[in-house]
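To start, the structure under review is shown below, and the notes come after it.
The values are calculated or read from the model by the stated rules, or taken from the named source; none is laboratory data. Quick caveat: nothing in here was measured; it's all calculated off a predicted structure. We place every Cβ from the backbone using ideal geometry, glycine too, and count neighbours over all the protein chains shown. Remember, those area values only see protein heavy atoms, side chains included, never the ligands or the DNA or RNA. Shrake-Rupley method; radii C 1.70, N 1.55, O 1.52, S 1.80 Å.
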Amino acid sequence: MKVLTLIGIFVLILAAAAMAASPQKQAAYNIPDAKSYNTHFGNMDPNKDGKVTWQEFKAHFPKADEKTFAAIDLNKDDAIDHDEWHQFKEAYDLKHKD
């Protein structure tokens, strides 16, 4: 019985870890016009430092608001990195545009 309990706890821990590592879903972002933000990361990063600041984001998307930027900035470091951008695009099934 103790072994089964330990196995059950282990399975729950693994499931929780998998959920924490999974990409955000659309509802977590809550961006109604997400398709309008479909671009290559590099197009928003003119200085090529690997981070997109609010100013760079706004320059690329003039109609954007800070709420949208903040929703994509998952680690809340006031910049969107390549991984955060692709997690956002994956959540909305946005493909690369040529």
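The gain in end-to-end length when the residue 28 to residue 77 segment is fully stretched comes to 15.9 nm, 0.36 nm per residue minus the alpha carbon separation. Residue 53 sits with roughly 40 Å² accessible to a 1.4 Å probe, with DNA, RNA and ligands left out of the calculation.
For a straight C-alpha distance cut-off of 25 angstrom, the lysines reachable from residue 51 (same-chain residues fewer than eight places away being disregarded) are 25, 35, 63, 67, 76, 89, 95, 97. Across the range 48-54, coupling constants 3J(HN,Hα) worked out from phi with the 6.51/-1.76/1.60 Karplus curve, θ = phi - 60°, read 6, 8, x, 9, 10, 7, 4 Hz, and Gly and Pro carry x. A Förster radius of 35 Å combined with the Cβ-Cβ distance from residue 86 to residue 5 puts the calculated FRET efficiency at roughly 0.35.
Between amide H atoms placed 1.01 Å from N, distances below 5 Å from residue 51 occur with no residue 5 or more places distant or on a separate chain. Taking all C-alpha pairs of the range 56-98, those more than 11 Å from each other amount to 68 percent.
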